[in-house]
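Right, one structure below, let's go through it.
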Amino acid sequence: MDERPNCEIMRYWLFKSEPSEWSWEDQIAKGEIGEEWDGIRNYQARNYMQEMNIGDLGFFYHSQTSKTIEGIVEVIATAHQDSTTDDSRWRCVDVKAVKPFKKPVSLKECKSVVELSDMVLVNNSRLSVQPVKENEWNIICSMGGIDNA
């Protein structure tokens, strides 16, 4: 059964992780059970997670070293208490890997595309969870060599 009310539209996101802490390969290894997107201690990123619905899709981005979008994840649990803290201010969602990109898309490549010049990643690459507009989603999926998920 679809958990999304008919009036809600699909939303897109980007989730950033340092590969040494949590990599795309780690995410894939979790399979269908997915994993909490925990440890976020930024209010804006937390607020974005509180807006997410089951079925929303996101890019999985390796920060620090490669600075590449590796693939697509799906939100499988809405915002709940982050299990890495007892502080009730911090919440997280659960995500599972959906599809790898045929070719990872770098931040440098994103910055070179005029249509992505307003993208949050291009302008605020430090924010760990961020929204992605539908047109940005479509462009980056194409750059990654996949049909829109």
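Annotation: residue 64 fulfils all but one of (1) polar (S, T, N, Q); (2) at positive phi; (3) open to solvent by less than 60 Å² (accessible area, probe 1.4 Å); the unmet one is (3). Of all the residues in segment 114-137, those that are farther than 13 Å from residue 14 by Cα and not aliphatic (A, V, I, L, M) number 5. Out of the residues in segment 88-102 that are open to solvent by less than 50 Å² (accessible area, probe 1.4 Å) and of a type outside the set (Phe, Trp, Tyr), which is farthest from residue 57 (Cα to Cα)? Checked segment 88-102; the qualifying residue farthest from residue 57 (Cα to Cα) is 92.
Could you tell me whether segment 28-35 includes any residue that is aliphatic (A, V, I, L, M) and in a loop (DSSP other than H, G, I, E, B)? No: zero hits. Where helices (runs of 4 or more DSSP H) fall entirely within segment 58-149, those with at least 1 residues that are basic (Lys, Arg) and in contact (Cβ under 8 Å) with a residue 12 or more places away in the chain are at 107-111. For segment 121-149, the tally of residues that are open to solvent by 40 Å² or more (accessible area, probe 1.4 Å) and modelled with pLDDT of 95 or more stands at 7. Exactly one residue out of 49, 10 is of a type in the set (A, V, I, L, M), open to solvent by 60 Å² or more (accessible area, probe 1.4 Å) and either part of a loop (DSSP other than H, G, I, E, B) or at pLDDT 95 or above (or both), and it is 10. Candidates in segment 67-78 are the residues that are of a type in the set (A, V, I, L, M) and crowded, with 19+ Cβ neighbours inside 10 Å; of these, the one that is nearest to residue 52 (Cα to Cα) is 75.
The values are calculated or read from the model by the stated rules, or taken from the named source; none is laboratory data. Everything numeric here is computed off the predicted structure, so don't read it as measured data. Because the Cβ atoms are built from the backbone with ideal geometry, glycine has one as well, and the counts that use them run over all protein chains shown. Side chains included, ligands, DNA and RNA excluded: accessible areas come from the protein's heavy atoms. Shrake-Rupley method; radii C 1.70, N 1.55, O 1.52, S 1.80 Å.
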